[in-house]
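Below you'll find the structure, written out as structure tokens, and then a few comments.
The values are calculated or read from the model by the stated rules, or taken from the named source; none is laboratory data. No experiment lies behind these values; they were computed from the predicted model shown. Cβ sites come from the backbone with ideal geometry, for glycine too, and all protein chains shown count toward neighbours. Areas reflect the complete protein model, heavy atoms only, side chains present, ligands, DNA and RNA absent. Shrake-Rupley method; radii C 1.70, N 1.55, O 1.52, S 1.80 Å.
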Amino acid sequence: MTRFDELIAADERIEPRDRMPDAYRRTLVRQIAQHAHSEIIGMQPEGRWITRAPSLKRKAILLAKVQDEAGHGLYLYGAAETLGVDRDDLLDALHEGRQRYSSIFNYPTPTWADVGAIGWLVDGAAIVNQVPLCRCSYGPYARAMVRICKEESFHQRQGFELLHTLAHGTPAQHRMAQEAVERWYWPSLMMFGPPDEESTHSAQSMAWKIKRHSNDELRQRFIDMLVPQSEVLGLRLPDPELRWNAERGHYDHGEIDWSEFRRVLAGDGPCNAERLAHRRNAHEEGAWVREAAAAYARRKQGEIS
Ligand code: FAQ
């Protein structure tokens, strides 16, 4: 048994300087980079509502939330860098389509209620998926997750509160909230990844204690959490087959359209092209900021006068 195996068996953390199998390192780089990319691409769907938020208070809240997402991206790129990869290379991989970001951010936000639906459903799914990652075997990733989860939980509540306000407003506002929930419900279930029998990485990632639960387990946990919350909101989840199953102690649910998930992953979702084009453009336009920051850092270190 290697030291790495012993640490995993004892449920201890692997730290950057510990020896680790190459495949463990590669899996972590893939997952953490995908997660980081999701955070920064995930700023776009809500970001487009900052200038159109219905009040100063809502604008301030949304600005803070989108800024938090940028911060999550930074912690996660930092965690990935502890594995010996370079942030610039990760961003190149994103821009060239060699690394993924979450399928969920390829959907549009046509109304203000979509901002609420993202907070309630997308941040809700993110929390259910990420709380177990606070116990991930790789130390820097697990520690980044602790703070991220605290912020996500605040994000989820703001989405719930926004939807609650709309759902209890005028009939038109209620309708807007209902339609947004209908748009985001099924895609949010897909955030947990493919069904267990098609999840190529789960078995190994669970053996390495990167993942603590399977995709389907977490998806079920999320559905069980949503149903009572939707009742408080007074909004309907768009699945006629949702039913409490006392024997299983869980809600039964309808079939997920996995062909849609595969299409979005293949680049053919409603907003894939727009999201990547916007990101590449932001990266190019931000080149002068990176150069200025690097020049400033060099001057601080006394390399140039
Ligand atoms: N989208 O074998 P598995 C957020 C890919 S939350 C795209 O099951 P794994 C917060 C997968 O990479 C969203 N691709 O994979 C926020 C693999 O591809 P490959 C981000 C997906 O890794 C809220 C293939 O399918 N959260 O950003 C997806 O064991 C609001 C086979 O899948 C995280 O990234 C998907 N949904 O399990 C921000 C959490 N699902 O390598 C802004 C960390 C699967 O074969 C606003 N990640 N794939 O080409 C994880 O927990 C895992 O990576 C899973 C997937 C559970 C996502």
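Observations on the model:
- Cα lying deepest toward the dipole's positive end in segment 202-267, options Ala246, Leu226, Ala207, charges on Cβ: Ala207
- When the P(r) of segment 232-305 is calculated, the portion above 16 Å amounts to 75% of the C-alpha pairs.
- Model label zone, Glu15; criterion: amide N under 12 Å from point 7 Å along Cα-to-beta-carbon; scope segment 128-161: 139-140
- Amide hydrogen neighbours beyond the local backbone of Ile14, cut-off 5 Å, H modeled: Tyr138, Gly139
- Per-bin percent of Cα-Cα distances, the chain [10 Å]: 6, 25, 33, 23, 10, 2, 0, 0
- Highest-first arrangement of 161-168, 195-202, where packing means the average Cβ count within 10 Å: 161-168, 195-202
- Applying both filters, DSSP loop and at most 14 other Cβ atoms within 10 Å, to the trypsin sites (Lys or Arg not before Pro) of segment 139-247 gives Arg236.
- Normalising the average separation of contacting C-alpha pairs (under 8 angstrom, six or more residues apart) by the number of residues puts the relative contact order of segment 83-155 at 23 percent.
- With contacts taken as Cα pairs under 8 Å at a separation of at least 6 residues, the chain carries a relative contact order of 18 percent.
- With semi-axes defined as the square roots of five times the eigenvalues of the C-alpha gyration tensor, the equivalent ellipsoid of segment 126-250 measures 30, 19, 12 Å, largest first.
- Within segment 122-190, the ratio Rg/Rh, alpha carbon atoms throughout and Rh by Kirkwood, equals 1.13.
- Quotient of Cα Rg and 2.2 N^0.38 Å for segment 1-43, N being how many residues it contains: 1.46
- Lysine pair number, Cα distance threshold 22 Å (strictly under), the chain, separation 8 or more or different chains: 6
- Gyration tensor (alpha-carbon) shape descriptor, segment 1-122, a/c threshold 1.5: prolate
- Apportionment of accessible area to carbon and sulfur, the chain, percent (1.4 Å): 54
- Heavy-atom accessible area per residue - the chain, 1.4 Å, Å²: 51
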